[in-house]
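Take a look at the structure set out below.
The values are calculated or read from the model by the stated rules, or taken from the named source; none is laboratory data. Predicted, not measured: the structure shown is a model, and the values here were computed from it. Heads up, the Cβs are rebuilt from the backbone with ideal geometry, glycines too, and the neighbour counts pull from every protein chain shown. The protein model used for the area step is the full one, side chains on, heavy atoms only, and it has no ligands, DNA or RNA in it. Shrake-Rupley method; radii C 1.70, N 1.55, O 1.52, S 1.80 Å.
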Amino acid sequence: VGWALPVGVESQAEWFALFLREFASPQDVVQRLDAALPDGLGVYAADELGPGKKVPQPVAEEFNLRIHAPDAPGMAAASLDAFAAFAQTSHFAFVRETKKGVKSEDIRPLFETVEAVRPDGLRLVFSWREKYISPLKLVRAICPDTPPEALRLTKTRQIFEGGGGAASTLPAGG
């Protein structure tokens, strides 16, 4: 129901809408779906959406970005330096080709959080309140010289209006 992630981006926090012909409690839905999934996948929560209610969309998403370049030890540092410089700006022009032609827009407001969490990684929170742009395109805009195969981008949380978030708390080992 949400935005599809680009190829090469992992996720630990996906959600979907399931419409049933007969009532089932959220706990029953979790148990039945979880039992049918292969190892490594799990259902952690279910919410009931009453009749006539719209399926909510996330207003933001949290990602972990890791720069993995064992053959180029300076690449992670250079990429993280680019993000550190970006975080200090109030405006960042992103030029891209769209179906309607070349478009330039300020992507800085889409980054709510840019936080170093390890020597080769960042925690990023993207805001979708105004618009959605592929998280991978946003990352590539900041560090265009980093090859795509060196980027390990993993969604860890979806944030809904009011602060709720899918997979905001994963079970141990999840």
Select from region 1-30 the residues that are modelled with pLDDT of 80 or more and among the β-branched types (V, I, T) and list them in ascending order. V9, V29, V30
Checking A4 against (1) touching a residue at least 24 places away in the same chain (Cβ under 8 Å); (2) closer than 15 Å to S134 by Cα, the condition it does not meet: (1)
Positions within region 119-159 being modelled with pLDDT under 90 and open to solvent by 40 Å² or more (accessible area, probe 1.4 Å), in sequence order: P119
So is L122 in a helix (DSSP H, G or I), in contact with a Leu (Cβ under 7 Å, 6 or more places away or on another chain) and not acidic (D, E) or not? no
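Just to be sure before I move on: is A46 touching a strand residue (DSSP E or B) at 6+ places or on another chain (Cβ under 7 Å) and small (G, A, S) in the structure I sent? Before you say what the answer is, go through the steps one by one.
Working: touching a strand residue (DSSP E or B) at 6+ places or on another chain (Cβ under 7 Å): no; small (G, A, S): yes.
So A46 fails the test.
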